[in-house]
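The values are calculated or read from the model by the stated rules, or taken from the named source; none is laboratory data. Since we're looking at a predicted model, the values are computed, not measured. No Cβ is skipped: glycine too gets one built from the backbone with ideal geometry, and neighbour counts run over all protein chains shown. Ligands, DNA and RNA are stripped out before the accessible areas are found, and what is left, the full protein with its side chains, is counted by its heavy atoms. Shrake-Rupley method; radii C 1.70, N 1.55, O 1.52, S 1.80 Å.
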Amino acid sequence: MAEFALNFVSPIIKFAVSKAISFAAPQISTAWGLEKELGELAQTLTMIQGLLQDAEERQESDPAIRSWLQNLADAAYDAVDVVDEYEYEVLKHKVQTQGRKMKQVRTFFGVFNRAASRLSMADKIRKINKTLDKIYNKGVLYLSIRFSGQCHSTAGARQYPKTDPHPDRFKFVGRDNDVLEIVNKLDNIRSQHILSGISIVGFGGIGKTTLAKSIWSMVKEQKLYDLVAWVCVSEEFDEKIILGDMLEYLGSSVGRMNNIGALIQELGQKLENRKFLLVLDDVWNEDRGKWDSFNSRLLQISKTSGNSILVTTRSDKVASIMEALPMQKHDMVKLSDHECWLIIEDIVLRSSTETSIPLDLEGIGQEIAKKCGGLPLVASVIGGTLSREMKTDKWQEILDDKAWILQDENKKILSILKISFDRLPSSLKKCFSYCSIFPKDAVIFIDDLIQLWVAQGFVHKSNESLVETEDIGNEYFKELLSNSFFQDIEWDLYGNIESCKMHDLVHDLALLVSKGKTLVWDTSCNFDVQDCSTIRHLRVKSRGEDLRTIPRSVAQRLHSLFSHADVFCSMASDLKSLRSLKLVGGRKKLPASLGKLKHLRYLDISKTDVRTVPKSFSKLYNLQTSNSLYCYTLEKLPNGMANLISLRHIYSSRPSDISIMQLTSLRTLSHFVVGTKKGCRIEDLGRLSQLGGKLEIWKLEHVKSKLEASKANLKEKEKLHQLKLYWSSDYERAVNNNDEEVLESLQPHSNLKSLTIDGYKGKMFPSWMGNDVNSSGSSFLLDNMVELRLSDCNECTCIPSLGLLPFLKVLYIGRMENVRRMGHKLQPGGAESIKLFPALKTLTVDGMQRLEEWVEVVEDAAVGSQGVIVFPCLEGVGISDCPLLKTWSMGGFSSHHKLSVLWIEQCWKLMAIPSLDGLSTLKRFGLVGNNGLTSLPIGLGSCISLQFLQIGSCQNLNSIPIMNGFTSLECLCLSRSDGLTCLPIGLDSCISLQKLKIEFCPNLISISDDIKKLRSLSILVIEDCENLRSLPEEWLDSLTRLKKLRLGPFCSELEEFPGLTSIHQFHPSLELLVLSGWDKLKSLPHQLRHLTALKQLRLNYFNGLEALPEWLGDFSSLHWLGIGSCSNLTHLPSIEAMRGLCNLKYLEIWCCPKLKKRCAKKRGPEWSKISHIPNIEIGSKDVQGESQSSDDFWF
């Protein structure tokens, strides 16, 4: 069982040696009187280290040596634990004495306790030395292990190969025809069925997921589906999890939806009348019942024809089970030998400065390609190994490896992958094998992974090294990445690798080589103590069963625990060797014994419901990482955090006051709240020379002077990539305002990628924020800036000159009340071919109350120049709440072929919008709240890709553009437009229109017959049009897909509701109806009685109505009924009719004074008619059960 774990003894021994030598230093050991014991331990471990090369080479053929190595590993772990305990006591003493003068009596007890600790520690070290001596003697005398004087090299001494910036994008070869074939099949079969699909079947590592990704990309490019979702299923086929993942992939949060019904309802709204493609990657489920149930769920979500599923699986049985749907199977064939060589060649050259592979290596490489079995995964992993060892003899060794000749296909693939693993340095083997603790297909965040490696002691540096352990860990990750052990790389906005995944076969390899050291325990199964005697890393899986206790003998040896909080809390006191603890689940409190985890270096309670952390937390002196991100129930960081002097990383979701006086090792600090006490002052940040990542600084008004601010030394923090600076709001601040000099002194390093300034009260921004575009110099202090956010800087009168920042992608400017003008004024005869904002993708201007002019190109600016290009990469523009903005000039959008979103809201005086002529990429356009425009922007009609158009509260807009050519338009909203007297011309050509909303248009008199041709409509709203008198005859029977309808109120002179004569024609499809009446209507429209399939009905403003009709009792499918603002309504239908509403679960009555009184609980004469309904709300109060809003408001 421990066979593969013995590859890792070398790094354990090396780590123990380095720790023992470090703490044997005279300045430490002499103070504790342990110099002799620690010196002997370091010497013994160093001698044993010299035996490891021979022992590890002979272990596979000699069981006695393998047993010897296992005993040595156990003893080495014990040695590390003992030295760790010693380190803990040193840190504890340091905390207790640092920064204060201790009282004599306390000193006496401190000396007494230290003496007792010294005796105990000395005894433990002597016992370990004795054990190690026996192991050493047995190895030399009885097993004849030879002393080599060295151990395997570690990655720390290696020169790392060049890594590609997109290392998972290896050459895609041999599958182009497969992509075209499957896309064509999907397109052909989907039109004939509501739900159909294709299953891609093939060996593990043959490239199913890569093929599916290429299909996914082509489908999106060709816009074959409205929405595309990707869910990685893996071994556990849980429809609730799959539907939740699908919902989150489509951009909605599952939140606290804990039942399938809620998920289906949410997905139904998201996918309504939209064709979707669902990719289910890596499916293993062979249970037909589960598959049939899942199919029925998908059919509940959407009844629109043209939906598809694309499944990848290794199992033919999975594909056959899925044939209950109209499914086609696509068997993947292996790549040719030449195609495998192309993959290997591509990977090798990516890591080399050469343009071609030497001929002697090429011949061997092509022979290796023949042995890859046509599997691209094998070719890419082997290619990564070959790229590290560009020598003929090394390539020949790989070619001659016995792993190639195994017959069993599954074992053969793992054995071949293990060829690459075996050639890793021993320290990288440890790091790779540790990844087995993550679930299959898990998203692995790189910072977390490296910090876990460091916590386990897999990454460490020599005492002389200036390189940070995290930087060494990052190099380890890069090397494993270059070997193709990781894939599916994701980058953040700033170009840093943020997360990755492992291929399931590579994960299988990690499980194999960590066998005996890492265990995944499902709490539904028994715990086999005998089989777990060597386990060091444990992940607990729980599906809500009764949690069982982990045996104490196992718990005491654990170095890692990934678990539900309840499991941890039941055994916390036994976890004496724990280094890493990652909790999930809803536990609100952690045990008081948390502080006994002396070795703990990594604590992650993110995304839990923990509210309090025990006082003993302050005793975790070895803790390096504390992560409480998204733990919103935790009101503040734990008290006593200032004592944790080993902390390197603090992650939290909200600002908390903590003293960093002693936390000089910090590399990550999410939030820092400036205060007046020591450890909370701005200058205390100056001690943190290695601070990096993201930092938020709050309450900067507490900084007294520019001298204090400069002592923060931000300009020397070159690893800091994201900085947010916050001043409190006016009512929280003192009278004195020194914001300008403080911000000037908070100049960051030029490496900064993201900057936020919020609440700043200076009148000018600092000199380091920009440069004049007309100045001779083009150098910016913030040249690397990718994201900039300026908000609530109310005293500033101008915006810094930002147009020449070469990498700026995101710009937000908001709530700056004194800025009247924005833009760049270029002088005549200026620079040639200037690009302003050359990389900007997203631009938002919000809440600029006094902004009057925004001009990026002044007409005479380009005189003598060859041209000025503005926003060449812009994808989205949002301008809102700028009530005085009149002029916006930027030369038109015609050249900005990437712009897809343009939204303008509450810019009441804006006189013109730049031309949109030729802008074929625009998908969303909104103009809401404007009295200055008389027409829409030039060229809107040429935006042929437009999908969403909203125009509202534009009182002087004379007309809506001709809609011809808007064949992609899906949603149109026209509201509060006095100029709208009829429907836009050409509306009938909008064949894709699914949602149409027309409201508060007082001059709209009639609806033309064009509306009959909108056969894709699923949601229609026509309401609050006070002069609307007529709707087309027989119009509703044309709208066969309509599901939601809101009508009225219309002209108050009408005595009956218009346009309902044919409503019975489409009653099977209609699910929700909102009808709003007026005073002259004395009864409900009789045509409604045919809508017996309705699920939700809302009736408003029928003030002439005194009683609801008896035929309402025929609505047996009705689930929700709302009655509002019917002032004279007194009677409900009879009790028999109300009992006929057998599915009614929710009843809401509001602003109906007479009916409210008669429906009083247990007292009113109408109460007996409704008492059987589970949930009743009357007058905004829950009378019975809990209310639930209908989903009729969809804009």
Treating the angle as unsigned and between 0 and 90°, give the value, to the nearest 10°, between the Cα long axis of helix 376-388 and the longest Cα principal axis of the chain.
50 degrees
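Taking the Cβ of LEU1147 as the center, what net charge do the other residues with Cβ under 15 Å away carry, scoring Lys and Arg +1 and Asp and Glu -1? Could the numbers behind the result be given before it?
Numbers: positive: LYS1095, ARG1098, ARG1139, LYS1145, LYS1156, ARG1158, LYS1161, LYS1169, LYS1181; negative: GLU1148, GLU1166, GLU1177, ASP1182, GLU1186.
Here the count lands on +4.
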Cut-off 13 Å between beta-carbons: net charge of the residues surrounding THR676, Lys and Arg +1, Asp and Glu -1:
0
Looking at this model, which pairs from LYS440/LYS598; LYS636/LYS717; LYS240/LYS541; LYS36/LYS127; LYS923/LYS1012 are more than 21 angstrom apart at the alpha-carbon?
LYS440/LYS598; LYS636/LYS717; LYS923/LYS1012
Taking amide hydrogens as modeled 1.01 Å from N in the peptide plane, which residues meet the under 5 Å criterion relative to ARG1046, leaving out close sequence neighbours?
LEU1020, VAL1021, ILE1022, VAL1074
Output ³J(HN,Hα) for the range 698-705: one whole-Hz value per residue in order, computed from phi by the Karplus curve 6.51 cos²θ - 1.76 cosθ + 1.60 with θ = phi - 60°, and x for Gly and Pro.
10, 6, 5, 5, 7, 6, 7, 7
Between ASP1009 and GLU875, what is the label-to-label distance in nm when each label sits 7 Å out along the Cα-to-Cβ direction?
4.5 nm
Result for the chain: accessible area per residue, probe 1.4 angstrom, in square angstrom, of 42 Å²
Relative contact order, percent, the range 928-972 [alpha-carbon distance under 8 Å, six or more residues apart]:
51 percent
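Assuming R0 = 60 Å, can you tell me the calculated FRET efficiency for the pair CYS525 and CYS982, based on Cβ-Cβ distance, to the nearest 0.05?
Values: r = 70 Å, r/R0 = 1.17.
That pair, CYS525 with CYS982, gives E of 0.30.
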At GLU362 and TRP1167, where each label point lies 7 Å from the Cα along Cα→Cβ, what is the point-to-point distance in nanometres?
9.3 nm
Difference of contour (0.36 nm per residue) and Cα-Cα distance, THR633 to ASN751:
39.0 nm
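What does the net charge come to around GLN43 if you take all other residues with beta carbon closer than 13 Å to its beta carbon, with K and R at +1 and D and E at -1? Mind showing how you got there, number by number?
On the way: positive: LYS36; negative: GLU35, GLU37, GLU40, ASP133.
That works out to -3.
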Determine which residues of the range 276-307 fall in the zone a paramagnetic label at GLN328 would reach in this model, i.e. backbone nitrogen under 20 Å from the point 7 Å along Cα→Cβ.
276-281, 305-307
Each label sits 7 Å from Cα toward the beta-carbon; between GLU490 and SER293 the label points are separated, in nm, by 2.8 nm
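Over the chain, with every protein chain in place, what whole percent of the accessible area is carbon and sulfur at 1.4 Å, could you tell me? Walk me through the numbers before you get to the answer.
Values: 24450 of 50470 Å².
Exposed carbon and sulfur together represent 48 percent of the surface.
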Measure nothing but the geometry: give the 0 to 90° angle between the long axis through the Cα atoms of 260-271 and the longest principal axis through the Cα atoms of the chain, rounded to 10°.
60 degrees
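At 222 nm, what value in deg cm²/dmol follows for the chain if DSSP H runs of at least 4 each add -39500 (n - 2.57) and the sum is divided by all its residues, to the nearest 500? Write out the running numbers ahead of the final one.
Details: 28 runs with 327 residues, N = 1195.
Counting only the DSSP helices, I get -8500 deg cm²/dmol.
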Given a cut-off of under 8 Å on Cα pairs at least six residues apart, what relative contact order in percent is computed for the chain?
4 percent
Taking Cα atoms only, helix 176-190 is inclined relative to the longest principal axis of the chain by an angle, in degrees rounded to 10, of 40 degrees
